[in-house]
Amino acid sequence: MTQIQFYLPTEVIFGRDCVQKAHEVFLRQGKTALIVTGTHSAKVNGALQDVEAVLQQNQQAYRIYDRVMPNPTVDCVYEGAAAAKEAGADFIIAIGGGSPMDAAKTMAWLAAQDIKREELFTRKVTAPVLPIICIPTTAGTGSEVTPYSVLTNDEKQTKMSVASPLLFPAVSLLDGKYMLGLSRTVTIHTALDALSHLLESALSRRASRWSRAVALEGLRMFAPYFKTLDTAEWTAEDRDKLLEASMLGGIAIAQTSTTAVHMLGYALTYFHHIDHGRANALTLGAYMKLVEARQPQEAKEVLTALEVQDAAELTAILARLLGEKEVIMPEQAERYAQEAVGNPKCQSGIIPLSLEDVRQIYAEAFGL
Ligand SMILES: [Zn+2]
């Protein structure tokens with residue numbers, strides 16, 4: 001019998017006002033928190049206020065580090081870790097989208113130990129790591145249930161992960177009400193990130209029947225919203241459903257990791273500043289056409305869960321949601337293809353990609 005592993009040490013609490021009700025959850029993490037967030041959104045969506053109120057009622061001390069930028073850098077995580085040390089923080093609270101949550105995970109490691117910069121992406125993460133509470137304020141990243149901290153590595157000119165089972169958040173608190181004010185663009189791009197996670201994980205070589213069950217359920221939950229992402233009026237209940245689908249995507253990639261679509265997107269984000277979810281969605285249709293051609297049954301199963309006919313329909317919906325595409329020059333695409341194809345992510349899907357495949361995906365995605 002083949003061995004199957006499934007590891008999810010994060011306690012997930014999902015529901016309306018779950019942050020305000022989580023006094024005991026915060027109390028059991030420690031005495032002093034570093035709150036890690038971006039410059040703006042956590043303050044306007046109410047999540048930061050809710051967290052501060054609970055900490056104050058609990059008489060827990062805290063400091064706020066609110067300088068996490070999109071696609072956080074190595075400098076950022078060291079700066080946040082220094083703030084945590086200075087404050088004497090013994091736990092970390094991340095509020096925001098993927099960037100604050102991903103940055104917070106590495107900060108939780110760096111705040112507990114002195115790790116040299118040159119070892120950041122190569123050294124195995126060992127204990128101690130400060131406990132982390134995650135409060136997502138977008139629905140897409142799934143970072144609240146993954147062991148990955150994706151950072152921008154300027155030395156390698158791409159995004160790289162610090163990954164370890166020790167980086168799973170201790171607790172995640174999910175409430176769709178924090179997403180009510182999100183713009184249409186952010187809603188679409190983050191939702192398409194979740195869609196990439198679900199599809200890539202379901203079609204990963206590393207998928208087990210359990211992780212696949214999670215991914216397929218996420219696709220089914222996502223299906224009623226997919227075609228109307230650009231026109232819908234979102235209620236808090238809709239936001240909850242999208243957040244739940246996104247969280248299932250996170251649980252799935254926590255088991256399988258992401259695959260080629262994420263790898264092909266990293267260059268688009270690094271060199272063209274294309275938002276992460278959008279970068280994935282730009283190549284997702286072309287990738288699914290290749291999967292459909294080579295593994296028709298597997299493609300059919302995931303597309304059926306998503307309630308679309310075939311990869312062509314998926315591509316058409318994505319094209320409509322994405323609007324006008326960025327311009328990528330053929331020589332740029334060639335360079336990104338050569339860089340990407342050597343990465344294990346390009347080989348970890350059920351269809352391993354050759355250089356020619358990657359060229360074809362970029363060419364189709366950008367009309368080259
Ligand atoms: Zn992603």
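What follows is calculated from the coordinates using simple rules that are stated; it is not laboratory data. Since this is a predicted model, take the numbers as computed values, not measurements. With ideal geometry, Cβ positions are generated from the backbone for all residues, glycine too; neighbour counts draw on all protein chains shown.
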| said: Over the Cα atoms, compute the radius of gyration (one decimal) and Dmax (the largest Cα-Cα distance, rounded to a whole number) for segment 127-175, in Å. | reply: 12.2, 37
| said: Could you list 356, 307, 144 so that the one with the fewest beta carbons within 10 Å of its beta carbon is first and the one with the most is last? | reply: 356, 307, 144
| request: Using only Cα atoms, tell me the angle between helix 209-226 and the longest principal axis of the chain; keep it within 0 to 90° and round to the nearest 10. | output: 80
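If you take the C-alpha gyration tensor of segment 138-213, multiply each eigenvalue by 5 and take the square root, what semi-axes do you get, largest first, in whole Å?
For segment 138-213, the ellipsoid semi-axes come out as 22, 19, 15 Å.
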| field | Alpha carbon Rg of segment 90-130, scaled by the compact-globule rule 2.2 N^0.38 Å | value | 1.17
| field | Proximal lysines to residue 177, defined as alpha-carbon separation beneath 28 angstrom and excluding residues fewer than eight positions away on the same chain | value | 21, 31, 43, 105, 227, 241
| query | Given charges of +1 on the Cβ of Lys and Arg and -1 on the Cβ of Asp and Glu, with all other atoms neutral, how large is the dipole of the chain about its Cα centre, in debye to the nearest 20? | reply | 560
| request: Take the alpha-carbon centre of segment 14-82, take the same for segment 299-323, and report the distance between them in whole Å. | output: 37
| query | In which sequence would 355, 318 go, from the one with the fewest C-beta neighbours within 10 Å to the one with the most? | reply | 355, 318
| remark: Rounded to two decimals, the Debye log10 I(q)/I(0) of segment 67-118 (Cα scatterers, no solvent) at q = 0.17, 0.26 Å⁻¹ is -0.44, -1.00
| said: Can you tell me what percent of all Cα-Cα pairs in segment 178-242 are more than 18 Å apart? | reply: 38
| remark: Taking only the alpha-carbon atoms of segment 241-301, the convex hull volume per residue, in cubic angstrom, is 103
| query | Label-point separation (nm) for residue 2 and residue 206, each offset 7 Å from Cα along Cα-to-Cβ? | reply | 1.5
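Starting from the Kirkwood Rh over alpha-carbon pairs, what translational D in µm² s⁻¹ does segment 72-189 have by Stokes-Einstein at 4 °C and 1.567 mPa s? Mind showing how you got there, number by number?
Details: Rh = 14.5 Å.
Answer from the Stokes-Einstein relation: 89 µm²/s.
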| query | Using all Cα-Cα distances in segment 11-136, what percent lands in each 5 angstrom bin from 0 up to the longest? | reply | 2, 12, 23, 24, 21, 11, 5, 2, 0
| task | Please work out the ratio of the alpha-carbon Rg of segment 1-83 to 2.2 N^0.38 Å and round it to two decimals. | result | 1.36
| message | Quick one: the Cα spread of segment 219-368 along its three principal axes, in angstroms, biggest first? | response | 45, 31, 28
| note | Compactness summary of the chain: radius of gyration and Dmax from Cα atoms, Å, are 19.6, 59
| message | 5 Å is the cut-off here: which amide hydrogens, built 1.01 Å from N in the peptide plane, fall below it relative to residue 159, excluding neighbours closer than 5 in sequence? | response | 153
